[in-house]
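Enquirer: Structure provided below as structure tokens; questions to follow.
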Amino acid sequence: MNYNELAELVLPNIKTTPEDIEKRYPPRELPEGAKVTRFAPSPTGFLHVGGLFGCLTDERLAHQSNGVVILRIEDTDSKREVTGATELFIENLNHYGIHFDEGAVVGGDKGNYGPYRQSERAEIYQTFAKQLIREGKAYPCFLTAEEIDEIRKQQEEKKLLPGIYGEWSKWRNASIEEVKEALAAKKEFVVRLKSTGDPSNHFKFTDMIKGTIDVTENNIDEVLLKSDGIPTYHFAHAVDDHLMGTTHVIRGDEWLPSLPKHIEIFNALGFKLPKYCHTAALLKMDGPDSKRKLSKRKDPEADVAFFTKEGYSSEALLEYLMTLLNSNFEDWRMANPDASITEFPVSLKKMSVSGALFDIVKLYDVCKNVLCRKSAEEIYNETSDWAKIYSPDFYRVFTENPDYTKNFLSIGRGTAKPRKDFGLYSEVQEYSGFMFDEYYNENGEYDERFDNSLIKDVLEQYLKVYDYNDEQQDWFEKIKDVSEKFGFARETKQYKASPESFKGHVGDISSFIRVAITGKQNSPDMYQVMKTLGYDKVVERLNKQIKRLSV
Ligand code: GLU
């Protein structure tokens, strides 16, 4: 067989050679040990939280080694492509602060190793496919869908490995005349790898996460180019990762079964194999004792946008993903409470082999811890950013008087033990709403043990003594005085020692004032709340409640 002639027949329009292409992708000049990684999503839907997890792994490993992380869009499957998905990916990744050195950006590319959308690289793949045909390592296959079905049926009956290989591939050894005839008849064809593997051979392979694994040689004549000349993932990733200088392919372990094919394709192309790191899927509890993969279809939290919408801080989600990434992250965080996650040394060796549990309750805890350490200014800015999109009415109220809102947010912040009132930006609305008339609940619920008329009298008395300029201690003394006046203990201790001597204690009186002013049973420090609200507002609300309780 004259393979040169075959190559010309199959891909006559390809005039470039692998050497021409290699010239466009010179070896990278990077420091020793620098890793080149890439996040390579297919734009077939939303950004999966597992994708973000993988992407964070890519980013950390590249940047902590002074390497490069690339965003490559694997859009070779036009049937499954969702319009706008690429832009959505880019937007979401930006939102999570994942910084790519190279790759697809909205409306184009950034970097010298592109194009970074596979759909723009057809000529490159075809050039390498042509070379493989020229070397007798690939061939055109004109099998129709019906013929392939028939082969599958026969293989099933005979309990043989399914697929096009060996004797099942009638085009593997077709003559040049047969190929010419098929081409003249305008039959559709794909280009397949001419596998030389034997599945009875096994070899050891070291995956950087899974460790040493046993691999069975591939013998499938895998499709390299589909009938439209567009490559399959298997072929495209080999060509791209070679040209882009990827050192570590970090991808989901659903690709592990395809690894033998990939190894054979790399070998056929004469490319050095990158290091493979197959990450286990994120899991969720499914009943008390079983776990399952976080599902794109079943679980709303599989979509990264879910967290954005619900008001999770992007920083907190990344922080939580770090705990799933490396088991020692939490200890490190305890020892380094204020350090940036970028200071944590991520290790492939500490990654879960069998799957990490994505626990939304734990994530929420992390959110509280992250938000309580932020300054009032940060909470103000981040909540505003969230509310602007997801709660515009609240946004208007919240941002009307920034200093007022920030003063309120600063209550209980910046201390050694900051308050953990909320974990989500959406909860800031509930937390701070009473500071604004629009969200203040006039119908707050008082402790049912006490009569309305008593509460009203207490509020009236308090109003008489309330002075905006009181220092905190005097302010509290006055509440104690009111307590005593109404037969309540000045101190909780006193009350506990002899509850029958009192109607209640100072805490109960404080809670009347709290409910009156905030409409809630819980609030941050009332002294500061009242200072922030201002004299007029406090008096207005007390009066309103006195009136309400009078009827
Ligand atoms: N496009 C592939 C996917 O979305 C990427 C796998 C890889 O990272 O190589 O699963």
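Laboratory data are not the source of any read-out in this text; all were calculated from the coordinates shown. All figures in this text were calculated on a predicted structure; none of them were measured in a lab. Using ideal geometry, Cβ is built from the backbone for each residue, glycine included, and neighbour counts are taken over all protein chains shown.
Enquirer: If I take the Cα coordinates of segment 49-198 and project them onto the principal axes, what are the three extents in Å, biggest first?
Expert: The Cα atoms of segment 49-198 stretch 54, 34, 33 Å along the principal axes, largest first.
Enquirer: Please report, in Å, the Rg and the Dmax of segment 106-176, where both are computed over Cα atoms only.
Expert: When restricted to the Cα atoms of segment 106-176, Rg and Dmax are 17.9, 52 Å.
Enquirer: Across 5 Å bins from 0, what is the distribution of all Cα-Cα pair distances for segment 296-341, in whole percents?
Expert: All Cα pairs considered, the percentages come to 5, 20, 23, 19, 15, 12, 5, 1.
Enquirer: Go through segment 439-482 and name the GluC sites (Glu not before Pro) that are in a DSSP coil and have 15 or fewer other Cβ atoms within 10 Å of their Cβ.
Expert: Glu442, Glu445, Glu448, Glu471
Enquirer: Can you give the extra length, in nm with one decimal, that the chain gains between Glu123 and Arg24 once fully stretched, where that is 0.36 nm per residue apart less the Cα-Cα distance?
Expert: This chain segment gains 34.3 nm when fully extended.
Enquirer: I'd like the FRET efficiency for Ala184 and Glu254, computed as 1/(1 + (r/R0)^6) with the beta carbon distance as r and R0 of 35 Å, rounded to 0.05.
Expert: Rounded to the nearest 0.05, the efficiency is 0.30.
Enquirer: Pull out the extension gain between Asp338 and Ser175, defined as 0.36 nm times the separation in residues minus the alpha carbon to alpha carbon distance; nm, one decimal.
Expert: 51.8 nm
Enquirer: Further, regarding this structure: Can you tell me the FRET efficiency between Asp228 and Glu445 if r is taken as the Cβ-Cβ distance and R0 is 56 Å, rounded to the nearest 0.05?
Expert: 0.25
Enquirer: Here's a follow-up. Trypsin sites (Lys or Arg not before Pro), restricted to segment 221-323: which are DSSP loop and have at most 10 other Cβ atoms within 10 Å?
Expert: Sites meeting the loop and neighbour criteria: Lys272, Arg297.
Enquirer: May I ask you to derive the FRET efficiency for His202 and Tyr390 from their Cβ-Cβ distance with R0 = 51 Å, giving the value to the nearest 0.05?
Expert: My answer for the efficiency is 0.45.
Enquirer: Then there's this: How far apart, in nanometres, would the label points at Gln473 and Asn13 be if each is projected 7 angstrom from Cα along the Cα-to-Cβ direction?
Expert: That separation, rounded to one decimal, is 8.7 nm.
Enquirer: On to the next question. Give the percent of DSSP beta bridges with both residues in segment 1-149 that are antiparallel, rounded to the nearest 5.
Expert: About 30 percent, rounded to the nearest 5.
Enquirer: Okay, next question. Return the ratio Rg/(2.2 N^0.38 Å) for the chain, where Rg is computed over Cα atoms only.
Expert: It is 1.37.
Enquirer: Distance between the C-alpha centers of segment 537-551 and segment 129-200? Whole Å please.
Expert: 85
Enquirer: Compute the distance in nm between two label points, each set 7 Å from the Cα along the Cα-to-Cβ direction, one at Glu540 and one at Lys485.
Expert: For the pair Glu540/Lys485, the computed spacing is 2.5 nm.
Enquirer: Using +1 at the Cβ of each Lys and Arg and -1 at the Cβ of each Asp and Glu in the chain, identify which of Trp171, Ile213, Pro274 lies farthest towards the dipole's positive end.
Expert: Ile213
Enquirer: Let me ask another. Extension gain His95-Ala305, at 0.36 nm per residue separation less the Cα-Cα distance, in nm?
Expert: The span from His95 to Ala305 would gain 74.6 nm if fully extended.
Enquirer: Select from segment 1-79 those trypsin sites (Lys or Arg not before Pro) which occupy a DSSP coil region and have at most 15 other Cβ atoms within 10 Å, ordered by residue number.
Expert: Listed in order of number, the matching sites are Lys15, Arg28, Lys79.
Enquirer: Also, quick follow-up: Please give, to one decimal in nm, the separation of the simple spin-label points placed at Val361 and Gln154, each 7 Å out from Cα toward the Cβ.
Expert: In this crude label model, Val361 to Gln154 measures out at 5.7 nm.
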